Amino acid sequence: MAPILPAHSSILIGLSGGVDSVVLLHVLHKLAARFSWQLSALHVHHGISPNADAWADFCAGLCARHYISLHVERVDIAPLRAHGVEAAARQLRHAAFARQRCDFAALAHHADDQAETLLLQLLRGAGVRGAGAMPLLAGEDCSPRLLRPLLHCSRQEIVDYAVAHGLRWVEDESNADDSYPRNFLRHRVLPLLDQKFPCYRATLARSAQHFAEASGLLDELAQRDAAQAIDGGTLAVAALQALSPPRAKNLLRYFLHHVGAPMPQAAQLDDMLHQLTCARADAAVCVAYGGWQVRRYAGRVYALPALGGFDRNLVLPWHGETVLGWPALHTHLYFSHTQGAGVSLAKLQHAPVTLRLRHGGETLRPHPNAATRTLKNLLQEHHVPPWRRDRLPLLYCGEELVCVPGVAIAAEYQAAAAEAGVQLLETSEVE
């Protein structure tokens, strides 16, 4: 670990209280002084077990004896139970780690976890990305980076270490419940494999590494295909049509990952690609999945969280705030002060300033020498997707339409040279 982790690194240990994480804390604590590492720990309190409070107390006592600061994060699993208890708990743990400020987050995954994860992914029909290995060190472009120092140790080696050093730990009673898929593999399937294939851990880890390498190559290919196809968070339909189906699916998966959308199931991806590339040019393509929508407009593919209903009578006053939420699009509006650009602040003093929705019949003169235009025509000219048009925030001063962010500012309200102004920028809440 020493060559991987620079001296003076801050390391957050994921501490459940089980034997794996207790051993991880013990090992890192023994090495910390030598490399000037700053250790802390995080315990995620799921509240699922009746013993959850006792586990948190155990972790607090353990950290106190080692003079390691502990943060206990209580999470509510109820809203995510539809995804399954294991998946929901894992998602909440990952989110908790992502919120922490440290250089590295150390997790106690080991070789048996690697084998179980690969088998579970294959049984779910995962592709090469899903079947890829958990790496020793991950997350080059994010903070904290994930570290798995025990990845090459077996579960039995970890238990032997704990016993040899007189360590104490807690047992999660759910680990004995083989109705959970992972526990079923752990207690029933893998012991049989071990009898016939005693090296299965190393063999499956090697296969997982092969999958990870193949996934990396597919990403490189997708990056090459995306270079001219992805622009402004949208994807060119023509690029998908020009590729073979497997390569087009690879690009589409890359695009969805690029915009932060969840990965669809294989059948959903096939249907999505077919609709995007084969529907009539004027068809309103919308494929819904996992709380997201994939749409097509003007030869481009869009992926966005499902918008749902909205209040058509929404009116928000603006009193000079830097940011306002805009629920109709699940976005925020940012107001930045400028000189000689944007909307004239002086002219906004003439009447109350509000943000409203479109109701039809709005007009605006976009330039001093231009004719007055209907908002409908302006939105079409600026290629605003149809599903956004009725949800856009419109800035009013009194009863006069002043600005449509990203489209136009009324000529009468444009800031003159050197005049104080304000510009509106809309950004998504889902980054």
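The values are calculated or read from the model by the stated rules, or taken from the named source; none is laboratory data. These numbers were taken from a predicted model, which means no experiment stands behind them. Quick reminder, even Gly has a Cβ in these numbers, built from the backbone with ideal geometry, and neighbours come from all protein chains shown.
Search region 17-52 for residues being within 18 Å of Arg93 (Cβ to Cβ) and in a helix (DSSP H, G or I), and hand back the single one that is nearest to the chain's Cα centre (by Cα). Full working, then the answer.
First pass over region 17-52, keeping only residues within 18 Å of Arg93 (Cβ to Cβ): 17-22, 24-25, 40-49, 51-52.
Applying the additional criterion that residues be in a helix (DSSP H, G or I) yields 19-22, 24-25, 52.
Working: Val19: 30, Asp20: 27, Ser21: 25, Val22: 29, Leu24: 27, Leu25: 28, Ala52: 27 Å.
Filtering first and then ranking leaves Ser21.
Only residues in region 393-416 that are not assigned by TED's automatic domain parsing to the domain that holds Lys347 count as the first member; pair them with residues that are part of a strand (DSSP E or B), Cβ under 7 angstrom, at least 6 apart or cross-chain, and list the lot.
Note: no pairs meet the criteria.
Just checking, does region 288-295 include any residue being in contact with a helix residue (DSSP H, G or I) (Cβ under 7 Å, 6 or more places away or on another chain), more than 16 Å from Arg389 (Cβ to Cβ) and among the hydroxyl-bearing types (Ser, Thr, Tyr)? Please lay out each step first, then the result.
Taking region 288-295 and keeping what is in contact with a helix residue (DSSP H, G or I) (Cβ under 7 Å, 6 or more places away or on another chain), we get 289, 294-295.
Going one step further and asking which of them are more than 16 Å from Arg389 (Cβ to Cβ), we end up with 289, 294.
Filter once more, so that each one left must be among the hydroxyl-bearing types (Ser, Thr, Tyr): 289.
Looking through region 288-295, at least one residue is in contact with a helix residue (DSSP H, G or I) (Cβ under 7 Å, 6 or more places away or on another chain), more than 16 Å from Arg389 (Cβ to Cβ) and among the hydroxyl-bearing types (Ser, Thr, Tyr).
Is it true that Gly17 is surrounded by 15 or more Cβ atoms within 10 Å (Cβ to Cβ), among the small types (Gly, Ala, Ser) and at pLDDT 95 or above?
yes
Give just the number: which of (1) surrounded by 16 or more Cβ atoms within 10 Å (Cβ to Cβ); (2) among the hydrophobic types (A, V, I, L, M, F, W, C); (3) within 28 Å of the chain's Cα centre (by Cα); (4) not in a loop (DSSP other than H, G, I, E, B) does Leu122 not satisfy?
(1)
Sort through Ser179, Ser154, Ser174 and tell me the only one that's free of Cβ contacts under 8 Å to residues at least 60 places away in the same chain and closer than 20 Å to Gly14 by Cα.
Details: Ser179 fails: closer than 20 Å to Gly14 by Cα; Ser174 fails: free of Cβ contacts under 8 Å to residues at least 60 places away in the same chain.
Just one listed residue meets the conditions, Ser154.
Here are the criteria: (1) under 18 Å from His43 (Cα atoms); (2) surrounded by 15 or more Cβ atoms within 10 Å (Cβ to Cβ). Tell me which single one Pro181 does not satisfy.
(1)
Among the numbered criteria (1) aliphatic (A, V, I, L, M); (2) at pLDDT below 95; (3) in a helix (DSSP H, G or I), which single criterion is violated by Ile158?
The single condition Ile158 does not satisfy is (2).
Counting just the residues of region 24-37 that are touching a His at 6+ places or on another chain (Cβ under 8 Å) and touching a residue at least 40 places away in the same chain (Cβ under 8 Å), which one comes out surrounded by the most Cβ atoms within 10 Å (Cβ to Cβ)?
Leu25
Among the numbered criteria (1) under 30 Å from Glu419 (Cβ atoms); (2) part of a strand (DSSP E or B); (3) in contact with a helix residue (DSSP H, G or I) (Cβ under 8 Å, 6 or more places away or on another chain), which single criterion is violated by Leu348?
Checking Leu348 against (1) under 30 Å from Glu419 (Cβ atoms); (2) part of a strand (DSSP E or B); (3) in contact with a helix residue (DSSP H, G or I) (Cβ under 8 Å, 6 or more places away or on another chain), the one that fails is (2).
When you go through Ala328, Ala341, Ala371 one by one, which is the residue that is in a loop (DSSP other than H, G, I, E, B) and surrounded by 12 or more Cβ atoms within 10 Å (Cβ to Cβ)?
Ala341
Looking at Val301, Val287, which one is within 18 Å of Asn250 (Cα to Cα), in contact with an Asp or Glu (Cβ under 9 Å, 6 or more places away or on another chain) and assigned by TED's automatic domain parsing to the domain that holds Lys249?
Checking each option against the conditions leaves just Val287.
Quick test for you: out of Ala138, Ala162, Ala111, pick the one residue that is among the aliphatic types (A, V, I, L, M) and within 24 Å of the chain's Cα centre (by Cα).
Result of the check over Ala138, Ala162, Ala111: Ala138.
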